[in-house]
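For reference, the structure is listed below as structure tokens.
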Amino acid sequence: MIKLRVVGASADNEKLILSNKPRGKHGSHVLAIDRRLVGVLEDVFDERRKARKDLVELPVRSRSKFSPPEIQRQLRAGLPPDQVATAAGVDVDYVERFYQPVLYERVEIINDAQALFVEKQRLGMSALSLGDSVEMNLRARRVVLDDDAFAAAWNATREEGEPWVLSFKFPFRGRSHVARWEFDPRTREVTPLNKLALDIGWVAPARAAAASRKPRAKAKRASKPAPKRKAAAKKKGTARRKPAAKRKPVKRKPAARRKPVKRKAAKRRR
């Protein structure tokens, strides 16, 4: 009989990766994680717990109605962990062990979708990506969200066999608004599902160009020391001026009188 050692789980959490080497890091065999495997493990740990009273913490919570892949599918669809735990008949701690990979998957999907561009009919592609367009349109509506609140407003869910659905929830004028997009990672396309998603996920090229010029103009104006010059001018106007020193009168010599020039009288013509 070949002895196998567990190396880890596959990326989709559907299989266990096994190795036939004592210290091997790469797997040589795979084992499907299905209900039969979970049932065998539950029975084994139940028997071990009866035989050994010190074995209190069990790796697998017994009598779960759902397998780990089924639990993750429900979490991926947007169901909260406590609701999944109630349906599976297990504790919430057991379900949350499978929740962390789903959260990482959501973050990757949201980041990928935010880097894509939304297309509007007859107007073409947006000048900014989805994430930048939403941020710019929120500022235009005077909706202020810091980085943490902006990241927490995004969510991604997926039903089995369906594309991902992205949602962005934000407050505006005393009400909560939700924009939704459909995202297919295979085709790299993001499509608005409601009018709000199209409004805040698209930016005209002229508007984006004008917004890109504003920061440079502000920087130039801020670099000029105009306030200092105004303050200096005010200070200069309010300061008392010292009286100018009196100049000594300069004595000028009287101009010499010119002697009258005697001119001979012209002889009269006879």
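Taken over region 98-130, the criterion of being touching a strand residue (DSSP E or B) at 6+ places or on another chain (Cβ under 8 Å) and aromatic (Phe, Trp, Tyr) is satisfied by PHE117 alone. In region 77-89, the count of residues that are in contact with a strand residue (DSSP E or B) (Cβ under 8 Å, 6 or more places away or on another chain), modelled with pLDDT of 90 or more, closer than 20 Å to GLY161 by Cα and not in a helix (DSSP H, G or I) is one or more.
Screening the candidates ARG142, ARG122 for the property of being surrounded by fewer than 17 Cβ atoms within 10 Å (Cβ to Cβ), in a loop (DSSP other than H, G, I, E, B) and modelled with pLDDT of 90 or more yields one hit, ARG142. Quick check: anything in region 62-76 exposed (fewer than 13 other Cβ atoms within 10 Å of the Cβ) and modelled with pLDDT of 90 or more? No, region 62-76 has no match at all. Selection of region 154-186 for residues being under 19 Å from the mean Cα position of the chain (by Cα) and without any contact (Cβ under 8 Å) to a residue 24 or more places away in the chain yields SER167, LYS169, HIS177, VAL178, ARG180, GLU182.
Return a yes/no flag: does region 126-134 have any residue that is of a type in the set (A, V, I, L, M, F, W, C) and more than 14 Å from GLY201 (Cβ to Cβ). Taking every residue of region 126-134 in turn, none turns out to be of a type in the set (A, V, I, L, M, F, W, C) and more than 14 Å from GLY201 (Cβ to Cβ). With the structure loaded, tell me whether PRO22 is modelled with pLDDT under 80 and more than 27 Å from ALA88 (Cβ to Cβ) or whether it fails that test. In short, yes. Look at region 108-126: where a residue is more than 24 Å from ALA209 (Cβ to Cβ) and a partner is β-branched (Val, Ile, Thr) and in a strand (DSSP E or B), sitting 6+ places away or on another chain with Cβ atoms under 8 Å, you get ALA113/VAL190. Tallying residues that are farther than 14 Å from LEU116 by Cα and assigned to a loop (DSSP other than H, G, I, E, B) within region 163-215 yields 6. Against the list (1) exposed (fewer than 15 other Cβ atoms within 10 Å of the Cβ); (2) at pLDDT 90 or above, the condition ALA113 fails is (1).
Of everything in region 32-44, what is part of a helix (DSSP H, G or I) and either among the aliphatic types (A, V, I, L, M) or within 25 Å of ASP12 (Cβ to Cβ) (or both)? Give them in sequence order. Scanning region 32-44 gives ARG35, ARG36, LEU37, VAL38, GLY39, VAL40, LEU41, GLU42, VAL44.
The values are calculated or read from the model by the stated rules, or taken from the named source; none is laboratory data. Remember, it's a predicted structure, so these values are computed and weren't measured experimentally. Cβ sites come from the backbone with ideal geometry, for glycine too, and all protein chains shown count toward neighbours.
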